[in-house]
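*Asks:* Below is one structure. I have some questions about it.
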Amino acid sequence: MRFALFCKSFGDDVERFARLCRSVRQHNAAALPLIVSVPEHDRALFRRRFAGEHLTLVPDEEILPARESPASRRALSGWRTQQLVKLNFVNLDLADAWLVVDSDFYFIRDFSTSDFIDGSGSVGFITSTMLHRYEGHESEIGLYLGGQSAGDDRFDILDSGPSSATTLGFAPNGGASSARSEPRFPWWLRITDLFLRPSSMLRVLRPQRIFGRSGPYLNFMPGPIWTADSLRSLREDFLRPNGLQFADLIRLCPWESVWVGEWELFRGLPRRHLRAPCFLHFESDLGIAQAKRAGLRVEDFAARYLGLALAARHQDALEY
């Protein structure tokens, strides 16, 4: 199986991407390919800056297909366009499965294919009942890093056995209880959204409701692991029958990892196994300062995580 690391970047994040590249060079024990997508107008900048790096540089324009109409793409400004590029990366057929990282991620310990794919060829599926973010979860993460239970298992790896998987509202590997009627796209939401402007919380719950999963809300990031089979299935088995494009999904709920994650659960996780997130997220410089005051070192995070994810839009720091 071809496994890769995929990053969607752009010119303003070149310094953060440089930090990611250094960490990949240092910790990529299996020499997994790093693929980065940037807008065409930033391509020359990245080619010059990273001429000595082992990476594949592709323009966003080669990823976005003609069927994602120019009008649809123009309607998705800023970071929503980045989500569209990520969803369409499958079009290049450069990998069978890949870890999705952003420019403000970086690795803190060695990693190899076995961190993402087990011996049977099953690909890890990132999910947790709580977002792996430091701010707001300081005590739980302290326990998690120490190898202890967080009390309610919110940060523990989810058991892939049927006894616990069914509590998430699906049956692994296409079990009988995973059978559902075919999901239909709620076209009427397009109209109501123009007038009601639903909150982010309402939007993020939409994929779960559309695909009919019961059970708790789940997080599929930071650092989701996607497969070509999953993205193609989402396009061919859900989008196409409903006359949709990926852009339609992003307009309804602009978090691409939620769409892909809920679709995989709807499919019954074929050839997938549950895995805790590979990265811990910091959303502010204040959060980093708090963690340092608590005595947490990079080595402590490495006990549970492959790397750290910072928030480029809200932070000055490039690393912990």
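*Asks:* Given ASP229, ASP237, which one is within 18 Å of ASN88 (Cβ to Cβ), surrounded by fewer than 17 Cβ atoms within 10 Å (Cβ to Cβ) and of a type outside the set (Ser, Thr, Tyr)?
*Replies:* Within the list ASP229, ASP237, the selection yields ASP237.
*Asks:* Being farther than 20 Å from GLY11 by Cβ and at pLDDT 95 or above is the filter here, so list the residues in region 58-90 that pass it.
*Replies:* Scanning region 58-90 gives LEU87, ASN88, VAL90.
*Asks:* Looking only at region 42-52, count how many residues are surrounded by fewer than 17 Cβ atoms within 10 Å (Cβ to Cβ) and in contact (Cβ under 8 Å) with a residue 12 or more places away in the chain. Before you say what the answer is, go through the steps one by one.
*Replies:* Applying the first criterion (surrounded by fewer than 17 Cβ atoms within 10 Å (Cβ to Cβ)) to region 42-52 yields 44-45, 47-49, 51-52.
Adding the requirement that they be in contact (Cβ under 8 Å) with a residue 12 or more places away in the chain leaves 45, 49.
Residues in region 42-52 being surrounded by fewer than 17 Cβ atoms within 10 Å (Cβ to Cβ) and in contact (Cβ under 8 Å) with a residue 12 or more places away in the chain: 2 in total.
*Asks:* Any residue at all in region 292-314 that is at pLDDT 95 or above, out of contact with any helix residue (DSSP H, G or I) (no Cβ under 6 Å at 6 or more places or on another chain), closer than 26 Å to PRO198 by Cβ and buried (at least 16 other Cβ atoms within 10 Å of the Cβ)?
*Replies:* no
*Asks:* Working only within region 110-135, note down all residues that are over 27 Å from GLN82 (Cα atoms) and either in contact with a Phe, Trp or Tyr (Cβ under 8 Å, 6 or more places away or on another chain) or part of a loop (DSSP other than H, G, I, E, B) (or both).
*Replies:* ASP110, ASP118, GLY119, SER120, GLY121, SER122
*Asks:* If you don't mind, there's one more thing I want to ask. Hey, could you check region 264-294 for residues that are of a type in the set (D, E, K, R) and part of a helix (DSSP H, G or I) and say which is farthest from the chain's Cα centre (by Cα)?
*Replies:* ARG293
*Asks:* Might you check whether a residue that is surrounded by 15 or more Cβ atoms within 10 Å (Cβ to Cβ), more than 28 Å from LEU308 (Cβ to Cβ) and of a type in the set (D, E, K, R) occurs anywhere in region 199-222?
*Replies:* Scanning region 199-222, I find at least one residue that is surrounded by 15 or more Cβ atoms within 10 Å (Cβ to Cβ), more than 28 Å from LEU308 (Cβ to Cβ) and of a type in the set (D, E, K, R), so the answer is yes.
*Asks:* Output the residues belonging to region 240-251 that are of a type outside the set (Val, Ile, Thr), buried (at least 20 other Cβ atoms within 10 Å of the Cβ) and outside any loop (DSSP other than H, G, I, E, B).
*Replies:* Across region 240-251, the qualifying residues are PHE246, ALA247, LEU249.
*Asks:* If I ask for residues that are buried (at least 19 other Cβ atoms within 10 Å of the Cβ) and either under 18 Å from ARG271 (Cβ atoms) or touching a Lys or Arg at 6+ places or on another chain (Cβ under 9 Å) (or both), which ones from region 108-121 would you list?
*Replies:* Residues satisfying the conditions are ASP115, PHE116, ILE117.
The values are calculated or read from the model by the stated rules, or taken from the named source; none is laboratory data. Model, not experiment: these values are computed from the prediction. When we count neighbours, we look across all protein chains shown, and the Cβ atoms used for this are built from the backbone with ideal geometry, even at glycine.
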